[in-house]
Amino acid sequence: MTVTSAAASPALLHGIGDRALTWLDDHREHFRLTPEDRGTTRGVIERLKPIGELSVNLRVLFREGVAGSHQHTRAGRLLDFAWRELLDGGSVLAAFQHEEPFSSVPLEIYSTFHELGFRHPGLESAVEAGRRTLTWSALEMVPNRRLGVINSERQTGLVPREDFDRAVSRTWLGGLPEPWTVQYHIAYDITHTVFHLTNWGEKPDGIPPDIASYLALYLPAWIEDWADLEHWDLLGELLVVDTCLPRPALDAEIWERYAAAQCDSGAMPLHHGMPDGDAAEVFDIVHHPTMVAAFASAMAVSRAMSATR
Amino acid sequence: MADALAEQTGAGAVPLSAVIADAANGVVLALRGEGDPYALSRLLRQGDALASAALRVLGRDALAPYALDHRATPGGADDAAVVREALAAYPPGPDASEVSVWSYRGLVEASHAFLPGGADHWPQAPRAGSAWVTDDPWPRFSHRTSQLAALALPGIATDLAGRLAPRTDDLARGFIRAVRRRDWLQAAGLGRWLARLGQVPPTLGLDNGLVFVRHMSDGDARVALHLAAARQFYGRGG
């Protein structure tokens, strides 16, 4: 038995995402790679990552069908901008693959665009050349990211080189460790494992039953704690995990605190309040929590309308 | 509660926290089966205002060693006098919190069971409300429960334990939150209740958790008391 709190209203949930998408669209130029970024591998990866996350967000919005017509139009324009302007129709990814032939990064970014109907045949053949090597599956990376790579292979119609279940068992969450040991970085490992298990919320039943039970039991404790710490980025990711559970809580009190943290412009602060700095500096800090807010909102609205509580 | 009482008693030579820690250490030794046979009146003396305040904080735990029949001689008149004084000093008023009433009630019941004088010579156990057990959201519920950890002993407060048992999952959440916040006293209190209630989710890792709390609490005597009770009476915590 537990005392169940009230569920957040769909209007509140929707408003967070609507405002977040508006801010992302208003600041879309900041996603662009600068010549300086292109100068180093690290610089390119640092800029590609947000573009990949933006595409995931937009895909979730389309998939869940929760956007109003205005929001839908805005999301479509933003997606076209990301593919054509930011990635130059995929050429930016292909160029990076040429520099780093065995990197999985381009595939991880490309897979979402591929699902949304965008194609770059040259990149696909370059990825396939890399995938043929033993190096591809031997690349060292944290276990939850390995799940992401396998998912990207699936999304682009490729047969993954590795067994998904075995990869799950290597993650922190797959071991069901003591929940009181969860710290900041472990919490992100948890959220990312769930994102990949469910393909960014598309298949909530992709979470194995033992992991779903474990999360249902302990997730409220982590959510409560990071809400109290006002870590809005991590809280947003944990709220997405909630929406992926068989019976999401969509706790009204927590969502109201989350909504209250959002800036009027639509930006979601990373931690406590909005940072100081020029527009580019502020973008670098808050673009991720703001994308998380859009993601969490879309998932929550969808589940509020469909899930059993 | 200890901090508030310390302020009330003024900045004396010996702070209340030290008196509480000293008494708690005595209880821990007795629960572990170490040291001399336990006698409350050797730790807390009659006529000492701090002793009454410390007894109010420790509550029923001050008499816990008497539940171990092989480790303590039965409570004597001196022990009874100390407890009676504390009960008279801090009767729960009309505005007392439910937690305070439960705590007082626990000490009264233990006095009936372990101290001489017969029931006629002790205050009646007050009725304690328990709506919070079913109505409070888990963070407040688990915090309140931890404040009543002295009642997590075999054979007492069985009604309360029966009502807490269906919310074991919420106590597990409270344990996680307390560890995350490094609130070792709350964590130890919740761990002790979880040890008593049984049916702890295996994935919580309670035994490792209690060892961790002991390690991190840096010798805090009240934390050690909860952990000693969990181990002595329920075999939890390694």
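The values are calculated or read from the model by the stated rules, or taken from the named source; none is laboratory data. The shown structure was predicted, so the numbers you read here are calculated from the model rather than taken from an experiment. Here the Cβ is made from the backbone with ideal geometry for all residues, glycine too, and neighbour counts use every protein chain on show. We work out accessible area using only protein heavy atoms, side chains counted, and drop any ligands, DNA or RNA first. Shrake-Rupley method; radii C 1.70, N 1.55, O 1.52, S 1.80 Å.
Here the protein assembly as shown has 51 percent of its accessible surface on carbon and sulfur atoms, given a 1.4 Å probe and all protein chains in place.
With a Förster radius of 41 Å applied to the C-beta separation of A:Thr135 and A:Asp210, the computed FRET efficiency comes to 0.80.
Relative contact order for region B:131-238: 28 percent, from Cα pairs under 8 Å spaced at least 6 residues apart, divided by residue count.
Only Cα pairs under 8 Å and 6+ residues apart enter the sum, and on that basis the relative contact order of region B:1-129 stands at 23 percent. Distance from a point 7 Å along Cα→Cβ of B:Ala77 to each backbone N in region B:118-138: keep the residues under 16 Å and list them by number. Hits in region B:118-138 for B:Ala77 at 16 Å: B:118, B:121.
Normalised radius of gyration (Cα atoms, divided by 2.2 N^0.38 Å) for region A:34-178: 1.10. Taking the Kirkwood radius as Rh and the Cα radius of gyration as Rg, chain B has a ratio of Rg/Rh equal to 0.94. Total buried accessible area between A and B, probe 1.4 Å, nearest 100: 2000 Å².
Averaging Cα coordinates gives a centre for region A:29-44 and one for region B:165-227; these two points are 48 Å apart. Count neighbours as other Cβ atoms within 10 Å of each site's Cβ, and list the trypsin sites (Lys or Arg not before Pro) in region A:37-77 that are DSSP loop with at most 16 such neighbours. Answer by residue number: there is no such site.
For the protein assembly as shown, the 222 nm mean residue ellipticity estimated from helices alone, with every DSSP H stretch of n ≥ 4 adding -39500 (n - 2.57) and the total spread over all residues, rounds to -19000 deg cm²/dmol.
Mean-square fluctuations from a GNM of chain A, with a 10 angstrom spring cutoff on Cα atoms, peak among A:Gly65, A:Gly122, A:Gly277 at A:Gly277.
Among B:151-161, A:101-111, the peptide with the highest mean count of other Cβ atoms within 10 Å heads the list, and the full ranking is A:101-111, B:151-161.
Size of region A:10-306: Rg and Dmax of its alpha carbons, in Å, are 18.5, 51.
Within chain B, what's the longest stretch lacking trypsin sites (Lys or Arg not before Pro) that sit in DSSP loops with no more than 15 other Cβ atoms inside 10 Å? Within chain B, the longest run free of exposed trypsin sites (Lys or Arg not before Pro) spans B:46-126.
With N residues in region B:195-238, what two-decimal value do you get for its Cα radius of gyration over 2.2 N^0.38 Å?
This ratio for region B:195-238 stands at 1.10.
Normalised by 2.2 N^0.38 Å, where N counts its residues, the alpha-carbon radius of gyration of the protein assembly as shown equals 1.20. Centroid-to-centroid, using Cα positions, region A:122-198 and region A:240-255 are 24 Å apart.
Kirkwood hydrodynamic radius of region B:1-129 from all distinct Cα pairs, in Å? About 14.8 Å for region B:1-129.
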